[in-house]
Structure formats: structure tokens, C-alpha cells
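Single-structure report; data block below.
The values are calculated or read from the model by the stated rules, or taken from the named source; none is laboratory data. Please read all numbers here as calculations on a predicted model, not as lab measurements. Don't worry about glycine lacking a Cβ; one is built from the backbone with ideal geometry, like all the others, and counts go over all protein chains shown. What goes into the accessible areas is simple: the full protein's heavy atoms, side chains included, and nothing from ligands, DNA or RNA. Shrake-Rupley method; radii C 1.70, N 1.55, O 1.52, S 1.80 Å.
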Amino acid sequence: MSEKPIFIKMRKKERHLEQLQDQTTLFFKVSLSTSASCLLFALIAWFLLDMQGVVPAMLLGFALSNSLNLWLHRSHKNLKVTYHITQFLALIGAVSVVLYSGGINSPFIFTLALVVFSGYVQAPRYGRIYLTLSMLILVLVYSQSLSEYSIAENTVPEGSRDAFAFLSILLALFLLGGVFGYQLMETQHRLYRTKSKMEKRMKEKEMLLKEVHHRVKNNLQTVSSLLRMQSRGVEDPYIQNLIQSSQNRVVCMAMVHEMLYMRDDLAKIEYRSYVQDLGDYLVKSIKGPESNIRLNIDIPDIELGIDTAIPLGLLINEAVTNALKYGFKDQDSGEISIVLQQEDQKEYVLHIGDNGVGFAENVSHTTTKSLGLKLIHNLTRQLKGSVIRDLSKQGTNYIIRFEEISQAPFHTLA
């Protein structure tokens, strides 16, 4: 699998875990603060405001039931369940207090906005759900206030209503600004710091990958130089030819790593320029710098990953090398055509060939001793493709269909 997508997935996974942990921490801090505030409000209402009945009972009930809900989270570990239970407890408690403290005129009605805000903090879809529920509740509360028959009466004593209104608004402001606001700001800063750390780590990994590609390219070039030096001490033309072919294959792979090193995208290379550079190198290496061999390259602006680029590059190397050595053996002019077409997102068709002398129709990769011809077929198989010889044209021409490889396990070319 290409290197950069792996690190992107790792970064996304780590960031998701960080966000989940931050959401859990934020939810528990807000829930505990809300339960404590409602418990304090209930005690003040009972002992200082001389309130009896539903209002202090609902405040106390929410504080205790929500604390129990948070405690149960330790056993089932399902944050969604715990969150929705808290939200429904808050919604039921808020509606009950509103109905028994003045209905649509109750100052406690602003706490419904906190339920909606809490929903949006967790996820936009939750916020929309609780916004819809809260708006329906407001409509029902308002409709009830217009009705002649009230289902609930204001249980707040006449002399305590101003104090109750003050405490209700104070509770809403405290939860909105002091609890939600502070915790959100703290979580935002934590996420920003985490993002900065992740970006720094990603840059470090990219630099490491660049260095890896650079060193691989250098090592391959060293191997190529060693092969060239080895060939100078060999007098047998056949052995020299074998060493040169091996050297060209090494250079072919080194070019891929060099282009990956030079690019910002460490996963893919721009393939047209790669084939152009490879073709020019092979023509100069085999036929010399003054050769009249023309390269007709028609490749769209596509980018291929390393698992596709290297075997396809080796395949093109073999086809071009065979054309230069055997198709134009006694010629210093001719044309080599390389046309790559993309059929869909991952499937391609390569037309590659020359207008040289060609070879007999009955010769195939199974009957010949030519390593180049065998490699063309084996590399096509590695690319999950098929190769057929195009006999309608002069020289040696192939039509190769293949797929882009997203993940290539270890394999050999044998």
C-alpha cells in the first residue's frame, strides 16, 4: 500500500480518538456541573424560597437520576446511551419546572436552549433533533397558556418569584458561559494543540519518507554504477549485454524513487514525464546520443502509485530495450510508440511497439529463451492484466490491459 495514505489513515484514526476522548471529558464535566447546580437550586428553593411540590422535586430528581446515569456509564461504556438519557432527563425536568413555574412566562424556559446547545456540541444531527423537540414543547406550552383549562399551576410563592427568576437566569448564564463556554474553549484549545502535534508528526514522517526514497535511489544508482564497472572488465559481448540490461532495469526503478523524492505527493508520480525520461535514457544508453530513433509518447496527465509505476516501468523498459536491440539492430532510425489510455478509474490500456523488423509469429514467451519477452508477460500478470501481440502493424507491437495496483504483496517475477 502507498505510504502516504497509510499515514493519513493513522492520523485520522488518532484524531478521531482524541476527539472522542475530548467529547467524553466535556460531556462528563458539563453533566456533573449541571447536576450539582440543579441540586443546589433545589435546596435553595426548598429552604430559602419556601417552594414545595414539583419544582424542587424535579430539580432534585434530575440531579440524582443524572448522577446515577453517569455512574452507570462506568459499566456499559456507551457514551451515546448516557448522553441521550441525560438529554431526555434534562428535557423532562425543564418542561416540568417550566409548567409549574409560570408556563410560557417562566424564566426557567431559557434552560431549554441549553438542551439544544448541548445537542449541537455533541453532533449537528443531535442538535437538530433537540431543537425540533424544544420548539414543539414551546408551542405546546404556549397553547396551554391560551387554554381556559390549565394542566399546571404556578407553584412558586408570590414573594419568591423574583428570586426564582433571578436564580433561573443565573443558572442559565452559569451553565452557558461558565460551564459550556469554558469547557468548549478548553476543548478547542486542546484540539488545536493536538492538530498542531499531528501536523508536525506528519511532516516528520513525510521528511522520513523523502529520505527513504532518496536513499533507495542512491543505493540503486550505486548498484547501477557497480554493474557498469563490472561490464568494463568483461570482454564477452553476450555477458556485457546481460549486465547492461540489468543496469537499465536498476536505473528504471531508481527513476521512480527519484521522482517520488522530488514530489510533494510521496505516493504517486506523474507518469508521462517518467516514461519520457526513461525512453530518452534507454535510447542514449543503447543507441548513443546521436541516434535518430524517435519516441512517440502519448500519455495523459495521470499519476500512478509506486506499486503500479515500477512494474509498468520495467515492462516499458523491456519493450523499448528489445526494440532498440533487435527491432532496429542494424538501423539507426525508426520509431517507438508508447500510448497509454485510461478506460476507467483503475483500468488502463497500453499500446507499445516499434516499426522495426519484428519477429516470427510462432515465437512466444513460452518458447523463447529471451528474458525480455518473459518479463513483459510476467510483469503484465503482476499488474493483473493481459497482453496480446498486435500483428496488424509493422514491427513488434503489444496491446496490454492492466489495473492500477493499490496494494501489492511481496512477489517475484519468476
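Right, L131: within 34 Å of the chain's Cα centre (by Cα), without any contact (Cβ under 8 Å) to a residue 40 or more places away in the chain and open to solvent by 60 Å² or more (accessible area, probe 1.4 Å) or not? Yes; evaluated as a whole, the condition is true for this residue.
The single condition from (1) closer than 18 Å to V115 by Cα; (2) assigned to a loop (DSSP other than H, G, I, E, B); (3) of a type in the set (S, T, N, Q) that S67 fails is (2). Looking only at region 111-125, which residues are open to solvent by 20 Å² or more (accessible area, probe 1.4 Å) and hydroxyl-bearing (S, T, Y)? Scanning region 111-125 gives a single hit, Y120.
Mind checking whether some residue in region 113-124 is within 35 Å of the chain's Cα centre (by Cα), at pLDDT 90 or above and hydrophobic (A, V, I, L, M, F, W, C)?
no
Considering every residue within region 229-243, establish whether at least one is β-branched (V, I, T), open to solvent by less than 60 Å² (accessible area, probe 1.4 Å) and under 17 Å from V320 (Cα atoms). Checked against the condition, which is being β-branched (V, I, T), open to solvent by less than 60 Å² (accessible area, probe 1.4 Å) and under 17 Å from V320 (Cα atoms), region 229-243 yields at least one hit.
Each residue in region 212-261 was checked for being aromatic (F, W, Y) and over 20 Å from T308 (Cβ atoms), and 1 pass. Scanning region 340-358 for residues that are within 35 Å of the chain's Cα centre (by Cα), surrounded by 13 or more Cβ atoms within 10 Å (Cβ to Cβ) and among the charged types (D, E, K, R) gives K346, E347.
Identify, please: which residue in region 1-28 is surrounded by fewer than 19 Cβ atoms within 10 Å (Cβ to Cβ) and farther than 30 Å from M207 by Cβ and is, among those, modelled with the highest pLDDT? Per the criteria, the residue is F28. Among the conditions (1) among the small types (G, A, S); (2) open to solvent by less than 40 Å² (accessible area, probe 1.4 Å); (3) out of contact with any strand residue (DSSP E or B) (no Cβ under 8 Å at 6 or more places or on another chain), A309 misses just one, which is (3). Just a yes or no: is a residue in region 97-110 farther than 21 Å from V55 by Cβ and buried (at least 18 other Cβ atoms within 10 Å of the Cβ)? Among the residues of region 97-110, not one is farther than 21 Å from V55 by Cβ and buried (at least 18 other Cβ atoms within 10 Å of the Cβ), which makes the answer no.
Does S285 satisfy being within 21 Å of F402 (Cα to Cα) and surrounded by 14 or more Cβ atoms within 10 Å (Cβ to Cβ)? So S285 does not fit the description; no.
Name the residues in region 244-279 that are open to solvent by 60 Å² or more (accessible area, probe 1.4 Å) and not hydroxyl-bearing (S, T, Y), would you? Show your work before the answer.
As a first pass, look at region 244-279 and keep what is open to solvent by 60 Å² or more (accessible area, probe 1.4 Å): 258, 261-262, 264, 268, 272, 277.
Passing the criteria: E258, M262, D264, K268, R272, D277.
Based on this model, can you work out whether S31 counts as open to solvent by less than 10 Å² (accessible area, probe 1.4 Å) and at pLDDT below 90? Yes: the conditions hold for S31.
This table checks each residue for (1) part of a loop (DSSP other than H, G, I, E, B); (2) within 28 Å of G334 (Cα to Cα); (3) among the basic types (K, R).
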{"site": "M202", "(1), (2), (3)": "no, no, no"}
{"site": "K217", "(1), (2), (3)": "no, no, yes"}
{"site": "Q244", "(1), (2), (3)": "no, yes, no"}
{"site": "E258", "(1), (2), (3)": "no, no, no"}
{"site": "Q276", "(1), (2), (3)": "no, yes, no"}
{"site": "L282", "(1), (2), (3)": "no, yes, no"}
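Among the residues of region 340-357, the ones that are more than 28 Å from D330 (Cα to Cα), out of contact with any His (no Cβ under 9 Å at 6 or more places or on another chain) and assigned to a strand (DSSP E or B) come to 4 in all.
Please determine, by comparing only the residues of region 379-397 that are polar (S, T, N, Q) and either open to solvent by less than 30 Å² (accessible area, probe 1.4 Å) or at positive phi (or both), which one is farthest from the chain's Cα centre (by Cα). Write out each step before concluding.
Filtering region 379-397 down to residues polar (S, T, N, Q) leaves 380, 382, 386, 392, 394, 396-397.
Going one step further and asking which of them are either open to solvent by less than 30 Å² (accessible area, probe 1.4 Å) or at positive phi (or both), we end up with 380, 396-397.
Working: T380: 30, T396: 43, N397: 40 Å.
The extreme case among them is T396.
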